[in-house]
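Okay, handing you the structure first.
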Amino acid sequence: MKLDYHNAMKHLHITTLLALTLLFILGSCLNDDEKYADYDDTAVISFVLQQMNAYVHTTNSQGEDSVFRAYVDGPKVPIYIDNVNNEIYNVDSLPASTDIEHVVVELATKNNCYALWRSLTEEKLLYHSSTDSLDFSVPRELYVFTTSGDYYRVYTVRIVKHQQDGDMFHWRKQATNNTFAALKGMKAASNGHTIFLAGTDGQTTTLYATSADDATAWHSVATNLPEQAWQTLLVHQGKPHLNDQQGNLYVVESNDDYATAATRTYNTNSLATLIATDNQYLYALATQGGIVRTTQPGNYTSWSTEALDDDAVFLPTSHITATHIPLRTTDDAGRIVIVGNRAPETYPADTCATLWARMTGSAEVTAGTTWMHYTGQGPIYRLPRLYNISTIAYGTDILALGGTPMGNTQTRALTNFYRSIDGGISWHKDTRINMPTDMECSHTVFALTTDYNNYIWLICGQSGQIWKGRLNRMAWTEHQKEFR
């Protein structure tokens, strides 16, 4: 092959300049004001990770550990290039099992500038190669030089992975409450920073409250409510709401984070039971059948009838629970999903819970909205019919936990959570969350809610145990993604 003497000498000249420049840089003898480049001179304009290995540890049914190799789709990992602070990094950390000591990177620079990595073991620069792997177990320095070799920019590159498995769930027992152990029924709700528990002793309902940061400081904030009122507890606009069969709606208000509280009572003869909130409107089952909604936020005396896409006989009448979750596809829109059971004496053959859902949001989003009856995709993907079924919104998912099986349902009480990632349409056992091994809990009296830190609270009747837990990933925070 014929040697191009001119190009070879040019390459040698630039390489020599870069090497000499590095000596000055590493010796702190370079005047940065004179040699440092701005964005118009040089910059990294593209940085793409290639496929990476991940080594996943598993345990089989015999308790034996094994490791298998999986893959992380590197090109789909968002990489952010901050040309203001000269940093390159992945905002969303990679799975904990990812091998970040052997990562191949494809990058592009402005004006075809030279990209070189500072060695981890020697005082030298190494040309970037799109076929050689790099070790990102520590932050790396990437030098980008102009083609003349006179100016440069130094980036700090961080490719990070989680130090925890995001799908690991940990329970911790917080307290044992003897008052709760004696309750005949209970339901929990939260406004984020305050946890509420409505419970009955078989005679009246009492509403208890505590800070989400202290599971031991429970105190009563409303007492002597009707016996069945505990079943209707929900938090609307930050305040606990309950109602009774005599047409009274109770709103428990406080000016000091529920250290003390007062109860306001409104007459709503048309309501059978509160069922849901979207934090703007309240929803309830009507005494005459169907679903009604407050006509204006804060107005508890005026209710309008909601449209249903199926017969009202399919609405739940007991163990009613609801979640309001954001839509994955539309900003400022959400979905209410109500779950419950029909009367067992009237519908003994039911094996699945009954579910209904409604869109919420702006007038454009909800125009023509009706409540949709979810009939599911066959029994295998439906939520079982369980006593005291309870649901919570967890991120954009819905989680459900139920007690004693009802009717012909073939499952066991309190053995696992069920998870829906499609707004309640289909359900699967959530293998990420195991129940506490030493939990003692009634199969019919228990309560479930979440707090502002994404902890799941499980309060147990019969034992009075209070448990908290969360998925590791629900503790992870968002980082800056735009630089102007």
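Of these, THR263, THR194, which one is under 30 Å from MET474 (Cα atoms), of a type in the set (S, T, N, Q), open to solvent by less than 70 Å² (accessible area, probe 1.4 Å) and out of contact with any helix residue (DSSP H, G or I) (no Cβ under 7 Å at 6 or more places or on another chain)?
Details: THR263 fails: under 30 Å from MET474 (Cα atoms).
When all the criteria are applied, what remains is THR194.
For ASN453, only one of the following conditions fails: (1) in contact (Cβ under 8 Å) with a residue 60 or more places away in the chain; (2) touching a helix residue (DSSP H, G or I) at 6+ places or on another chain (Cβ under 9 Å); (3) buried (at least 17 other Cβ atoms within 10 Å of the Cβ). What is its number?
(3)
Residue-wise test of (1) touching a Phe, Trp or Tyr at 6+ places or on another chain (Cβ under 6 Å); (2) surrounded by fewer than 13 Cβ atoms within 10 Å (Cβ to Cβ).
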residue	(1), (2)
VAL84	yes, yes
ILE88	yes, no
LEU120	no, yes
GLU123	no, yes
TYR127	no, yes
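Show the residue pairs meeting these rules: Cβ distance below 6 Å; 6+ apart or different chains; first residue within segment 390-410 and within 24 Å of THR277 (Cβ to Cβ); second residue surrounded by fewer than 17 Cβ atoms within 10 Å (Cβ to Cβ) and modelled with pLDDT under 95.
Pairs that qualify, where the first residue is within 24 Å of THR277 (Cβ to Cβ) and the partner is surrounded by fewer than 17 Cβ atoms within 10 Å (Cβ to Cβ) and modelled with pLDDT under 95, are THR396/ARG328; ASP397/ILE421.
Tell me, which strands (runs of 3 or more DSSP E) wholly within segment 385-460 include 3 or more residues that are hydrophobic (A, V, I, L, M, F, W, C)?
Those strands (runs of 3 or more DSSP E) span 397-401, 446-450, 456-460.
Something else about it: Sort out which residues of segment 434-447 are surrounded by fewer than 22 Cβ atoms within 10 Å (Cβ to Cβ) and under 14 Å from ALA400 (Cα atoms), and write them in order of number.
Result: ASN434, MET435.
Can you pull out the strands (runs of 3 or more DSSP E) entirely within segment 289-362 that have at least 3 residues that are modelled with pLDDT of 95 or more and surrounded by fewer than 15 Cβ atoms within 10 Å (Cβ to Cβ)? Break it down into steps so the answer makes sense when it comes.
On the way: elements: 291-294, 303-305, 318-326, 333-341, 354-361.
By residue number, no strands (runs of 3 or more DSSP E) qualify.
Given the structure, is LEU414 under 28 Å from HIS373 (Cα atoms), open to solvent by less than 40 Å² (accessible area, probe 1.4 Å) and in contact with a His (Cβ under 8 Å, 6 or more places away or on another chain)?
Criteria met by LEU414.
Quick check on this structure: which one of SER304, SER270, SER362 is within 26 Å of the chain's Cα centre (by Cα) and over 17 Å from ILE392 (Cα atoms)?
Residue meeting the stated conditions: SER362.
Given (1) modelled with pLDDT of 85 or more; (2) within 19 Å of ARG140 (Cα to Cα), identify the lone condition not met by GLY27.
(1)
Right, something else. When segment 197-222 is examined, which residues are found to be aliphatic (A, V, I, L, M) and either in a strand (DSSP E or B) or surrounded by 14 or more Cβ atoms within 10 Å (Cβ to Cβ) (or both)?
Matches in segment 197-222: LEU197, ALA198, LEU207, ALA209, ALA212, ALA215, VAL221, ALA222.
The values are calculated or read from the model by the stated rules, or taken from the named source; none is laboratory data. Just so you know, these numbers come straight off a predicted model, no measurement behind them. In this analysis, Cβ positions are derived from the backbone assuming ideal geometry, glycine residues included, and neighbour counts consider all displayed protein chains. These area figures cover heavy atoms from the full protein model, side chains too; ligands, DNA and RNA do not enter into them. Shrake-Rupley method; radii C 1.70, N 1.55, O 1.52, S 1.80 Å.
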